[in-house]
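Data first, discussion second: the structure below is written as structure tokens.
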Amino acid sequence: MAAADLIVHNARVIAPDREFEGGVVVRAGRIAALFEGAPQETATETIDAGGLVLMPGLVDAHVHFSEPGRGHWEGFETGSRAAAAGGITTFVEMPLNAHPPTVNAAALALKQQAARVSVTDYALWGGLVDDNRADLSSLQQGGVVGFKAFMCTASDFPRVDAPLMRKGMRMIASLGSFLALHAEDEAMTDALTRTLRAAGRTDRAAWGEARPIAAELAAIDTALELAAETGARLHIVHVSSAAGIDRISAAKAAGISVTAETCPHYLFFDERDLERIGPLAKCAPPLRAPSEREALWERVLGGAVDVIASDHSPCLIEEKTAGDADIFKAWGGISGLQSTLPVLLTEGARRGLTLAAIAGMTATNPARLFGLDPQKGAIAVGADADLVIVDPEAEFTLAADDLLYRNRHSAYVGARFTGAVSRTISRGETIFAGGTVTALPGRGRRLDGPGLA
Ligand code: ZN
């Protein structure tokens, strides 16, 4: 047999059903074999992992690259380069924050055009908004891998109320797709925001008070009722509370098709960090109490969380400093694309989170959510050779200069981590190593949903 293209050896391999010391053989961009101990064949390129961990490249289910229209906030080139640095080999980009939002076929075509510069592979979400039910089918035909809607007001992405959700969910189910929901109750958050603002509240804590866990739970309850009624498959994004996860777990037990996502920032920060850091740590739902963070960790450790995604939501620094005097005026969203693995390695290690569980929540489960498995999301024979070598012992303090985001700010700057990405490999090609992105823009491939696939 001819020499393989690549062999990665001397690694602690995290495969779906086992962990072992050894490596992988890559041919034509795919994993051709796994081996324990030393490699038994030769390859054109050999990478000695130095005893470090070899995991599946991350499938980040939730990023906002804001292009077209707001490429100055991020864009696909800088976004995908930062993804590579974060160990992410596939990202799934959200339909909002771009202008226009991805809510019809024409907007999807613009998004697909903008995305062609990507360094990593990617897929795209479509949007369900208040007036685009006639467009859902053409979005599906255009290759989106899922639909996203907001139950509360978001800037320039019209929210859906319960009657509209019901109709949209029926339609999305009939298309064979699923709906991801930002679940915060509009009536509660709106009323609380008005009351706080009327009382002159502009302080950082007011943001959390305006969006309590009760608002998240009310929206999740509504969504789950509609899922039971319509049979549509749901994915609840960025759940910030243990009770929210518990609602979803109970629904699963009752036979409802629903998955739960949380984000590293709910597992790393708490509401005291919003006080300390300010607008850079503003997000929705907001950071919660320290006890809530620990309760959410218990759900993660207990296997109740399907997906951990960055919800990378960048903006200009001016959009953040705009909230220095009035937190309500700051852009809501945390730039965190490069921090998912460091957070999970650092905070997970001290709580007993296994590397296999990290691989499950950051790669295998999200790939399955979008139907990108078995091509993506696991170290398995036949899968794309999307790999990340991580050093779980490497200690570092995140500096703004480490960020490859177009706008180098993040709530995580200054945070101390134990666990770093050493090398990222996409379809057998090293795209990040030694702190540098080594691949050119445009090598990434778009992964289409069942409408086109
Ligand atoms: Zn988001």
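The values are calculated or read from the model by the stated rules, or taken from the named source; none is laboratory data. All figures in this text were calculated on a predicted structure; none of them were measured in a lab. In this analysis, Cβ positions are derived from the backbone assuming ideal geometry, glycine residues included, and neighbour counts consider all displayed protein chains. Calculation scope for accessible area: heavy atoms of the full protein, side chains included, ligands and nucleic acids excluded. Shrake-Rupley method; radii C 1.70, N 1.55, O 1.52, S 1.80 Å.
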3J(HN,Hα) from dihedral phi, segment 288-293, Karplus parametrisation 6.51/-1.76/1.60, rounded to Hz, x for glycine, proline: 10, 5, x, 5, 5, 4
With all protein chains modelled, accessible area of residue 17 [1.4 Å, Å²]: 130
Calculated [θ] (222 nm, deg cm²/dmol) that DSSP helices of n ≥ 4 give over the chain, each run adding -39,500 (n - 2.57): -8500 deg cm²/dmol
Cross-link reach list, aspartates and glutamates versus residue 111, counting only Cα pairs under 19 Å and skipping chain neighbours closer than eight places: 60, 67, 74, 77, 93, 121, 135, 156, 311, 448
Cleavage-rule hits, trypsin sites (Lys or Arg not before Pro), segment 325-377, DSSP coil, Cβ neighbours within 10 Å at most 14: 350, 351
With every protein chain in place, segment 152-228: carbon and sulfur % of accessible area (1.4 Å): 57
Alpha-carbon centroids, segment 226-257 and segment 95-173: separation in whole Å: 21
Amide proton proximity set for residue 431, modelled H, under 5 Å, gap of 5+: 424, 425, 426
Long-range HN-HN contacts of residue 336 with modeled amide H, under 5 Å: 312, 313
Accessible heavy-atom area order of 287, 316, highest first, probe of 1.4 Å: 316, 287
Hz values of 3J(HN,Hα) by residue in segment 330-342 - Karplus curve (6.51, -1.76, 1.60), Gly and Pro given as x: 7, 4, x, x, 10, 7, x, 3, 8, 9, 4, 5, x
Long-range Cα-Cα pairs in segment 56-369 (distance over 38 Å), rounded percent: 6
Under-5 Å amide H pairs with residue 47, H placed in peptide plane, nonlocal only: 7, 8, 9
For residue 135, solvent-accessible area (1.4 Å; no DNA, RNA or ligand), Å²: 50
